[in-house]
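Visitor: Before I ask anything, here is the structure I am working with.
The values are calculated or read from the model by the stated rules, or taken from the named source; none is laboratory data. These figures come from a predicted structure and were not determined experimentally. Don't worry about glycine lacking a Cβ; one is built from the backbone with ideal geometry, like all the others, and counts go over all protein chains shown.
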């Protein structure tokens, strides 16, 4: 029995060694520190060679990556405890303002002006993702859907935040907001008919709501790269990204027969898309895929790029944002929505006390078991499952060999 037992142990050691080698070969180093998105992303440009993207991570914190000189930075955490996707806006190369709904359903704000400032509460009782815009330096306007499905607004005048106001409507999504000057704000929402609806402010009054059609399955997101120009993206019922634009005279009517007047950009988006513009005739569209990664297509004024993927690896440090180099109509009216403007309770800007930086596992660190598991993709799980099955089969074979009767060591004599 001694010889058979030694043979079995050797086989068992061989199986274990092979399985470990297969696991190490199949596990890319990037899995040790990668990010998975859990919200719609929001991206903004603050210079022609800069794009900054934000999203909620698995730890509910706000995460950021930046593109400059043709290269993406690693993702870094800006803390927080988000219960919505974020919104980001900029009024200059050295200014970024980020917003999100917190666990108290209020609007929370963090900003960067060369240094990252603490989170602050702006109050409110939000039911959707917010969206914010800057129409000039030291001016911010934020919009969201309220619990009674109305569009609500709060504004910053350069010194203080004002009161929350209701703009009416019947919302079935968070808003998308764009601005092309100090006296123009355009707001877009999905309503209960699943179409995109639009209203605008001309510096003195709000227009009535009017429909822009479509069948939306996400919040809309919009941007303006110049006077009388608006570009909007939404997710359609086919999960593709749909695009619609206004050129100062009319709204586009896309050639896709099934796209309800939009043009399809394709893809299989698992989040609402976001759109940014680095300069005139330049657009960057992003959306999360079903693998939690961020996908991108760019418009150069003539054609759309074929698409690429934003790297999801984490930064080696957590203070990239503080050290980043800086590189920045007449529409017909219909009346399906009512537009009322009423003031609600005043909101004071208070320093954050409960909206503290996340301490989740999704932080840049050396490879470890928790980071590896957090970074696994569905394809990895299939590979590891197959490896495990092979290992079990080999172990069963070895154990059966050990259990068989041994052959006689000597030769039978007559």
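Visitor: Anything in the range 202-230 that is within 19 Å of residue 91 (Cα to Cα) and crowded, with 18+ Cβ neighbours inside 10 Å? List them, or say none.
Guide: Within the range 202-230, 221, 222, 223, 224, 225, 229, 230 meet the criteria.
Visitor: Of the residues that sit in the range 220-246 and are assigned to a loop (DSSP other than H, G, I, E, B) and touching a strand residue (DSSP E or B) at 6+ places or on another chain (Cβ under 6 Å), which one is nearest to residue 129 (Cα to Cα)?
Guide: Only one residue fits best here, namely 220.
Visitor: Turning to a different aspect of this structure: In the range 151-167, what residues are surrounded by fewer than 19 Cβ atoms within 10 Å (Cβ to Cβ) and in a loop (DSSP other than H, G, I, E, B)?
Guide: Passing the criteria: 157, 158, 159, 160, 162.
Visitor: Where residues in the range 29-46 are surrounded by fewer than 20 Cβ atoms within 10 Å (Cβ to Cβ) and out of contact with any helix residue (DSSP H, G or I) (no Cβ under 9 Å at 6 or more places or on another chain), which of them is modelled with the lowest pLDDT?
Guide: 29
Visitor: Of everything in the range 193-205, what is assigned to a loop (DSSP other than H, G, I, E, B) and under 23 Å from residue 243 (Cβ atoms)? Give them in sequence order.
Guide: Result: 193, 194, 195.
Visitor: Still on this structure: Within the set of pairs 6+ apart or on separate chains, which have a first residue in the range 38-62 that is on the phi > 0 side of the Ramachandran plot, a second that is in a strand (DSSP E or B) and at pLDDT 95 or above, and C-beta atoms under 8 Å apart?
Guide: Short answer, once both residue conditions are applied: 60/82.
Visitor: Report whether or not residue 238 is surrounded by fewer than 18 Cβ atoms within 10 Å (Cβ to Cβ), in the same structural domain as residue 168 (by TED's automatic domain parsing), at pLDDT below 95 and farther than 17 Å from residue 42 by Cα.
Guide: no
Visitor: For residue 208, only one of the following conditions fails: (1) outside any strand (DSSP E or B); (2) within 19 Å of the chain's Cα centre (by Cα). What is its number?
Guide: Answer for residue 208: the failing condition is (2).
Visitor: Sticking with this one: Looking at this structure, is residue 254 in a loop (DSSP other than H, G, I, E, B) and under 23 Å from residue 167 (Cα atoms)?
Guide: Here the answer is no, as residue 254 does not meet what is asked.
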